[in-house]
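Q: Below you'll find the structure I mean.
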Amino acid sequence: MKVFKSKTELATYLKGKTNIGFVPTMGALHKGHISLIKLSLEQCQYTICSIFVNPTQFNDKNDLLRYPRTPEKDIKMLEEAGCDIVFVPENDEIYPEGDVLKEFDFGHLETVMEGKQRPGHFNGVANVVQRLFEIVKPQKAFFGQKDYQQLCIIKQMVKQLQLPIEIVAAEIIREPDGLAMSSRNALLETEERKQAAGIFETLQLIKSKSKELTPTQLLQLANDNIKKYPLIHPEYIVFANAETLQETIIFDKNISIIMFIAVKLGKVRLIDNMLLAS
Ligand code: AMP
């Protein structure tokens, strides 16, 4: 596996190569990330993973400082998975001095849920992904449905900029108790980690009742169920149209509905989602 720190060296190495699959990450890798690498290995000739904790997408400075960093372990995991290339840039490779961020307009997609809770977050995500796309020039890029709103934003960005890149969505990989794998899970205290399973339990409960109860009753049930876990503090629990992310409390059988949840456990913020009906 080749490791690059310099974007110029990486771009030179990639010149003339096609069929490139790209997996952007912020490191502290787990099986969720590796599932994206595996998808890329199946579908592309070259698989490249980037590890870059992107400062412009953190609206909370402490969250950026606390973000787990395990570079050696990450490289080992990527090597074992069979990844071809890893790109680990320093900050100024991506954001040279004096550089100005692009202001994207994603309309409604960036004003709901994570966009509402984390102002500027998606603009930072779009900036870093656009810059990484420019360096790597992949034919395909792989994103997890765990960050479903991010996936919608990236698809929209690719459309707006008319980039010749196919965005591939990958399913959510979970721990044995159902908790969606996330780099932030490592920051949970023992009891918080135990109670965090309540997020998946609630999503599953609501999915199992989604044909019998009204959306309003389902929301009530979700909030009641979460209360069984006193360390879980919900930020939002909503149902939204899977295409437009428009929040809804009316289920139409022609529309796919996803239940989205964001919670805090101590200092750790976690998100998850589940398709209810399609
Ligand atoms: P991150 O390092 O958190 O920025 O995530 C990098 C990529 O991995 C994003 O496309 C995420 O959606 C994806 N990802 C993170 N956790 C999971 C998971 N549990 N299952 C599938 N994909 C994931």
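Q: Can you run down the residue pairs with Cβ atoms below 6 Å, 6 or more apart or on separate chains, where the first is in the stretch 16-30 and within 15 Å of residue 183 (Cα to Cα) and the partner is within 7 Å of the ligand (Cβ to nearest atom)?
A: So the pair list comes out as 25/33; 28/183; 30/181.
Q: Please count how many residues of the stretch 120-148 are within 10 Å of the ligand (Cβ to nearest atom) and acidic (Asp, Glu).
A: Residues meeting the conditions: 1.
Q: Answer yes or no as to whether residue 136 is crowded, with 19+ Cβ neighbours inside 10 Å, touching a Phe, Trp or Tyr at 6+ places or on another chain (Cβ under 7 Å) and aliphatic (A, V, I, L, M).
A: When the stated conditions are applied, residue 136 passes them.
Q: Another question about this same structure. Taking the residues in the stretch 1-57 that are of a type in the set (D, E, K, R) and away from the ligand (no atom under 16 Å from the Cβ) as candidates, determine which candidate is nearest to residue 93 (Cα to Cα).
A: Within the stretch 1-57, the match that is nearest to residue 93 (Cα to Cα) is 7.
Q: Can you tell me which residue in the stretch 31-49 is nearest to residue 140 (Cα to Cα), limited to those that are surrounded by fewer than 20 Cβ atoms within 10 Å (Cβ to Cβ) and of a type outside the set (A, V, I, L, M)?
A: Checking each candidate, the answer is 43.
Q: Further question on the same structure: I need the full set of residues from the stretch 201-258 which are touching a helix residue (DSSP H, G or I) at 6+ places or on another chain (Cβ under 6 Å) and small (Gly, Ala, Ser), in order please.
A: 222
Q: Another question, if that's okay. Considering 80, 93, which residue is out of contact with any His (no Cβ under 8 Å at 6 or more places or on another chain) and surrounded by fewer than 12 Cβ atoms within 10 Å (Cβ to Cβ)?
A: It is 80.
Q: Among the residues of the stretch 150-181, what is the count of those that are touching a strand residue (DSSP E or B) at 6+ places or on another chain (Cβ under 9 Å), within 10 Å of the ligand (Cβ to nearest atom) and not hydrophobic (A, V, I, L, M, F, W, C)?
A: 3
Q: Could you list all residues from the stretch 98-148 that are under 22 Å from residue 34 (Cα atoms), among the basic types (Lys, Arg) and either in a helix (DSSP H, G or I) or at pLDDT below 95 (or both)?
A: 146 - this is the single residue of the stretch 98-148 that is under 22 Å from residue 34 (Cα atoms), among the basic types (Lys, Arg) and either in a helix (DSSP H, G or I) or at pLDDT below 95 (or both).
Q: A further question follows. Quick check on the stretch 71-89. Is at least one of its residues touching a Phe, Trp or Tyr at 6+ places or on another chain (Cβ under 9 Å), away from the ligand (no atom under 15 Å from the Cβ) and among the charged types (D, E, K, R)?
A: Within the stretch 71-89, one or more residues are touching a Phe, Trp or Tyr at 6+ places or on another chain (Cβ under 9 Å), away from the ligand (no atom under 15 Å from the Cβ) and among the charged types (D, E, K, R).
Q: Within the stretch 50-70, is even one residue crowded, with 18+ Cβ neighbours inside 10 Å, over 22 Å from residue 148 (Cβ atoms) and touching a residue at least 60 places away in the same chain (Cβ under 8 Å)?
A: Checked the stretch 50-70: no residue is crowded, with 18+ Cβ neighbours inside 10 Å, over 22 Å from residue 148 (Cβ atoms) and touching a residue at least 60 places away in the same chain (Cβ under 8 Å).
Q: Residue 175 - would you say it is without any contact (Cβ under 8 Å) to a residue 60 or more places away in the chain, buried (at least 17 other Cβ atoms within 10 Å of the Cβ) and more than 14 Å from the chain's Cα centre (by Cα)?
A: yes
Q: For the stretch 31-50, which positions are out of contact with any helix residue (DSSP H, G or I) (no Cβ under 6 Å at 6 or more places or on another chain) and under 27 Å from residue 110 (Cα atoms)?
A: Hits for the stretch 31-50 are 32, 33, 35, 36.
Q: I'd like the residue in the stretch 204-239 that is of a type in the set (Ser, Thr, Tyr) and not in a helix (DSSP H, G or I) and, out of all such residues, is nearest to the chain's Cα centre (by Cα).
A: 236
Q: Separate question: Have a look at 247, 243, 201 and point out the one that is surrounded by fewer than 15 Cβ atoms within 10 Å (Cβ to Cβ), more than 18 Å from the chain's Cα centre (by Cα), under 29 Å from residue 36 (Cβ atoms) and touching a residue at least 12 places away in the same chain (Cβ under 8 Å).
A: So the residue among 247, 243, 201 that is surrounded by fewer than 15 Cβ atoms within 10 Å (Cβ to Cβ), more than 18 Å from the chain's Cα centre (by Cα), under 29 Å from residue 36 (Cβ atoms) and touching a residue at least 12 places away in the same chain (Cβ under 8 Å) is 247.
Q: Between a first residue in the stretch 207-225 that is at pLDDT below 95 and a second residue that is in a helix (DSSP H, G or I) and acidic (Asp, Glu), which pairs have beta carbons less than 7 Å apart while being 6 or more apart in sequence or on different chains?
A: none
The values are calculated or read from the model by the stated rules, or taken from the named source; none is laboratory data. Note that the coordinates shown come from a computational prediction; the quantities given were computed from them, not determined experimentally. No Cβ is skipped: glycine too gets one built from the backbone with ideal geometry, and neighbour counts run over all protein chains shown.
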